[in-house]
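J.: Here it is, the structure in full.
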Amino acid sequence: MIADLNDALQDPFAGSNYDVCICGAGVAGITLALKLSKRLNVLLLEGGGFDYSSESQSVYQGENVGDDYVDPSIGRLRFLGGASNHWGGDCRPLDSYDFQPKAYLPDSGWPIQASDLKPYLKPAETMLELSHDDPWVEPSGPLQERLDASPSFQSINFKVSPPTRFGTRYRSELEQRSNISCYLNASVLDLQLSEDPSSLDHFRVRNYAGKEFQAKARIFVLATGGIENPRLLLNSDRQVPGGVGNQNQLVGRYFMDHLFCDPAEFIFEDAFSEYVDSNPFGDSFKGRLRQHICENQWIRDVIDDLRERDIDCLSSVRNFFSPSLELLEAERVLNFNVRMRVRTPGHGELTDGRIIMSSEQAPNPLSRIMLGDDLDQFGMRRVKLDWKVSALDIETIRRGIIRFGEAFARLELGRIKMTDWLLTDEIAARVRPVHHHMGTTRMGESPREGVVDSTQKVFGTKNLYVAGSSVFTTGGHANPTLTIVQMTLRLADHINSVV
């Protein structure tokens, strides 16, 4: 069942007996509701409606006081389906290496391993409409065979979702499931504790008409994303100074994103240039981006960014390469991937294409989500983002592209030409975030290390959980959506075991 809380004449939650109440109907929230509703009674609360509205989206506005970042409302969508309404669809699981602690990287290491998520890989692929047959290793080809001969890099593959728009794809299931009550335009304002301060009693909920309600359940889950999850915890400070789950001042800290830049161009050796002409993936990337723009014409910043990068003049060799474990350990850098985009002939350029790089950020407690003094229309304090790009983040980009260039030349593929800014201070202004908000309610072994435990339950509480990439301890180089779904399916199994 899906209903609009704006239309409620009476309290729709009065007398209800919900097992689980989920705040947020994006990728994590919808996945969790569908999985749990097979045996539990679920209340799913979405702050927006079926479609985008400026009234709902304005709740996400905030300020940035750190390194250069866009307004916190950019990159997030506050209506049914959440950020899946504009994601690109690239999917890849985290590597085993991503979960391991590194001696040179403080605050690294998860309390779970990749093996804990492996049973949920194929179910997650199904949720995201991915092929089970496509490999995670790039199919053999001339470029792959050459670079696979390098001890420094390996070819990898990203599977591509249609992409799945969760609010559209799973709307009928949400409507038809008798054990799901999904309310739109239902904004959670506060987390109210019971007489036992370790137990949550209800969510305080308001519609846009100003009516307030109490949503009660046995288990509560925050699934509103890497910025809004900490915002809700920090705003819930009426009963607990500093906010729920913030006894060690960790809520909102360790904010991470993936860093994106195009630090080099390349020229193929003449003997290898024939590969460009036979590339079977030539226009796939370009066509997918055009579809993305048509579906979201109001996202002007995306359009402007594509124009600045002259995407229409490029096609994609769908080849991704990631560093070997040996290279990461030897260089003491973060995980990253590089992608080669071959330039379409006839544009008068002196190079054959660009190298695109995406890398993780080091976990940094000084990079954080805080609350500002401005209030939204519900009286909640808005977000104040203090994003930090560290020296290690920058060195990963520099050393990573240099090592890739060395391997490229050593294997006689061609040469790369680094941009003028790569080895200068200008690099900080050239690196862009990609709106993968992670780490702000991180998973840890103890309350001194994280906000949630290995089951994603908030430390110090009995019945409050967090879903989504805010619980990531580190980010890896892969897009987070597939891992979010894997972890959410694992969370559903845990909740089923305790309710």
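J.: Give, as residue ranges, the helices (runs of 4 or more DSSP H) completely inside region 87-199 that count at least 1 residues that are more than 30 Å from Asn364 (Cβ to Cβ) and in contact with a His (Cβ under 8 Å, 6 or more places away or on another chain). Show your work before the answer.
T.: On the way: elements: 114-117, 121-127, 142-148, 166-169, 171-176.
Because the criterion is at least 1 residues that are more than 30 Å from Asn364 (Cβ to Cβ) and in contact with a His (Cβ under 8 Å, 6 or more places away or on another chain), the helices (runs of 4 or more DSSP H) in region 87-199 that meet it are 121-127.
J.: Quick one: which strands (runs of 3 or more DSSP E) sit completely within region 321-397 and have at least 1 residues that are under 27 Å from Val471 (Cα atoms) and polar (S, T, N, Q)? First the steps, then the outcome.
T.: On the way: elements: 336-343, 353-359, 368-375, 381-386.
Because the criterion is at least 1 residues that are under 27 Å from Val471 (Cα atoms) and polar (S, T, N, Q), the strands (runs of 3 or more DSSP E) in region 321-397 that meet it are 336-343, 353-359.
J.: Restricting region 11-45 to residues that are of a type in the set (S, T, N, Q) and at pLDDT 95 or above, which is nearest to Met127 (Cα to Cα)? I'd like the intermediate steps shown before the answer.
T.: Taking region 11-45 and keeping what is of a type in the set (S, T, N, Q), we get 16-17, 31, 37, 41.
Those still in the list that are at pLDDT 95 or above too: 31, 37, 41.
On the way: Thr31: 8, Ser37: 15, Asn41: 21 Å.
The qualifying residue nearest to Met127 (Cα to Cα) is Thr31.
J.: Right, another one. When region 386-412 is examined, which residues are found to be more than 17 Å from Thr474 (Cβ to Cβ) and in contact with a Phe, Trp or Tyr (Cβ under 6 Å, 6 or more places away or on another chain)?
T.: Correct list: Ala407 only.
J.: Restricting attention to region 80-111, and to residues there that are over 17 Å from His258 (Cβ atoms) and of a type in the set (A, V, I, L, M), which single residue is modelled with the lowest pLDDT?
T.: Step by step, filter region 80-111, then rank; the result is Ala103.
J.: While we're looking at this one, here's another question. Condition test on Ser367, is it among the small types (Gly, Ala, Ser), modelled with pLDDT of 50 or more and surrounded by 19 or more Cβ atoms within 10 Å (Cβ to Cβ)? Don't jump to the end; show me each part of the working.
T.: Values: among the small types (Gly, Ala, Ser): yes; modelled with pLDDT of 50 or more: yes; surrounded by 19 or more Cβ atoms within 10 Å (Cβ to Cβ): yes.
In short, yes.
J.: When Asp393 is evaluated against the numbered criteria (1) of a type in the set (Asp, Glu); (2) under 28 Å from Gln57 (Cα atoms); (3) surrounded by 16 or more Cβ atoms within 10 Å (Cβ to Cβ), which criterion, by number, is the only one it fails?
T.: (2)
J.: Pairs only if they're at least six apart or on different chains, beta carbon under 7 angstrom, first in region 26-40 and within 16 Å of Glu228 (Cα to Cα) and in a loop (DSSP other than H, G, I, E, B), second modelled with pLDDT of 95 or more and not β-branched (Val, Ile, Thr); list them, first residue then second.
T.: Gly26/Gly81; Gly26/Gly82; Gly26/Ala83; Gly26/Ser84; Gly26/Phe166; Gly26/Ala223; Gly26/Gly225
J.: Which condition number does Asp190 fail, the rest of (1) modelled with pLDDT under 95; (2) among the acidic types (Asp, Glu); (3) crowded, with 17+ Cβ neighbours inside 10 Å being met?
T.: In the conditions (1) modelled with pLDDT under 95; (2) among the acidic types (Asp, Glu); (3) crowded, with 17+ Cβ neighbours inside 10 Å, Asp190 misses (1) alone.
J.: Follow-up question, since we're still on this one. If you go through region 57-79 one residue at a time, do you hit one that is assigned to a loop (DSSP other than H, G, I, E, B), within 15 Å of the chain's Cα centre (by Cα), aliphatic (A, V, I, L, M) and modelled with pLDDT under 95?
T.: There is at least one residue in region 57-79 that is assigned to a loop (DSSP other than H, G, I, E, B), within 15 Å of the chain's Cα centre (by Cα), aliphatic (A, V, I, L, M) and modelled with pLDDT under 95.
J.: How many of the residues making up region 432-457 are over 13 Å from Trp110 (Cβ atoms), among the hydrophobic types (A, V, I, L, M, F, W, C) and surrounded by 22 or more Cβ atoms within 10 Å (Cβ to Cβ)?
T.: 1
J.: Tell me, please, whether a residue that is buried (at least 18 other Cβ atoms within 10 Å of the Cβ), closer than 26 Å to Leu371 by Cα and more than 20 Å from the chain's Cα centre (by Cα) can be found in region 26-43. Write out each step before concluding.
T.: To start, the set of residues in region 26-43 that are buried (at least 18 other Cβ atoms within 10 Å of the Cβ) comprises 26-37, 40-43.
So of that shortlist, the ones also closer than 26 Å to Leu371 by Cα come out as 26-29.
Checking the rest, the ones that are also more than 20 Å from the chain's Cα centre (by Cα) come to none.
No - not one qualifying residue is present in region 26-43.
J.: So Ser161 ticks every box in (1) more than 30 Å from Ser131 (Cβ to Cβ); (2) within 24 Å of the chain's Cα centre (by Cα); (3) among the hydroxyl-bearing types (Ser, Thr, Tyr) but one. Which box is left unticked?
T.: It is condition (1) that Ser161 fails.
J.: Among the residues of region 133-148, are any basic (Lys, Arg) and either touching a Gly at 6+ places or on another chain (Cβ under 6 Å) or modelled with pLDDT of 95 or more (or both)? Reasoning before the result, please.
T.: From region 133-148, those basic (Lys, Arg) are 146; that's our starting set.
Filter again for either touching a Gly at 6+ places or on another chain (Cβ under 6 Å) or modelled with pLDDT of 95 or more (or both), leaving none.
No, region 133-148 has no match at all.
J.: I'm trying to understand the selection: among the residues of region 88-116, which are of a type outside the set (Gly, Ala, Ser) and closer than 18 Å to Asn157 by Cβ? So that I can check it myself, show each step before the final result.
T.: Filtering region 88-116 for residues of a type outside the set (Gly, Ala, Ser) gives 90-95, 97-102, 104-107, 110-113, 116.
The answer is Asp90, Cys91, Arg92, Pro93, Leu94, Asp95, Tyr97, Asp98.
J.: Same structure again: Give me the pairs, please: first residue somewhere in region 391-406 and under 18 Å from Glu265 (Cβ atoms), second residue anywhere and among the basic types (Lys, Arg) and at pLDDT below 95, beta-carbon distance under 8 Å, and either six or more positions apart or on two chains.
T.: As it stands, the answer is Gly405/Arg415, since those pairs meet every condition given.
J.: Name the residue, out of Glu55, Glu125, that is out of contact with any strand residue (DSSP E or B) (no Cβ under 7 Å at 6 or more places or on another chain) and over 24 Å from Ser322 (Cβ atoms). Reasoning before the result, please.
T.: Values: Glu125 fails: over 24 Å from Ser322 (Cβ atoms).
Unique residue meeting the criteria: Glu55.
J.: Go through the residues of region 205-219 one by one and say whether even a single one is surrounded by fewer than 18 Cβ atoms within 10 Å (Cβ to Cβ) and modelled with pLDDT under 95.
T.: Checked against the condition, which is being surrounded by fewer than 18 Cβ atoms within 10 Å (Cβ to Cβ) and modelled with pLDDT under 95, region 205-219 yields no hits at all.
J.: Scan region 414-429 and tell me whether some residue there is touching a Pro at 6+ places or on another chain (Cβ under 7 Å), under 19 Å from Arg354 (Cβ atoms), buried (at least 21 other Cβ atoms within 10 Å of the Cβ) and touching a residue at least 60 places away in the same chain (Cβ under 8 Å). Before the answer, list the steps.
T.: Let us first name the residues in region 414-429 that are touching a Pro at 6+ places or on another chain (Cβ under 7 Å), namely 418-419, 422.
After this cut, where a residue has to be under 19 Å from Arg354 (Cβ atoms) as well, the list is 418-419, 422.
In the following step, the residues that additionally are buried (at least 21 other Cβ atoms within 10 Å of the Cβ) were identified as none.
No: zero hits.
J.: For region 1-25, which positions are free of Cβ contacts under 8 Å to residues at least 12 places away in the same chain and in a loop (DSSP other than H, G, I, E, B)?
T.: So the first thing to find is which residues in region 1-25 are free of Cβ contacts under 8 Å to residues at least 12 places away in the same chain, and the list is 7, 9-10, 14-15.
Residues satisfying the conditions are Leu9, Gln10, Ala14, Gly15.
J.: Condition check: touching a Leu at 6+ places or on another chain (Cβ under 6 Å), modelled with pLDDT of 95 or more and surrounded by fewer than 24 Cβ atoms within 10 Å (Cβ to Cβ). Does Asn496 satisfy that?
T.: Details: touching a Leu at 6+ places or on another chain (Cβ under 6 Å): no; modelled with pLDDT of 95 or more: yes; surrounded by fewer than 24 Cβ atoms within 10 Å (Cβ to Cβ): yes.
No; evaluated as a whole, the condition is false for this residue.
J.: Which condition does Ile180 not pass, out of (1) touching a Ser or Thr at 6+ places or on another chain (Cβ under 6 Å); (2) surrounded by fewer than 18 Cβ atoms within 10 Å (Cβ to Cβ), if it passes all the others?
T.: The failed condition is (2).
The values are calculated or read from the model by the stated rules, or taken from the named source; none is laboratory data. Predicted model, so just to flag it, every value in this text is computed and none were measured. Heads up, the Cβs are rebuilt from the backbone with ideal geometry, glycines too, and the neighbour counts pull from every protein chain shown.
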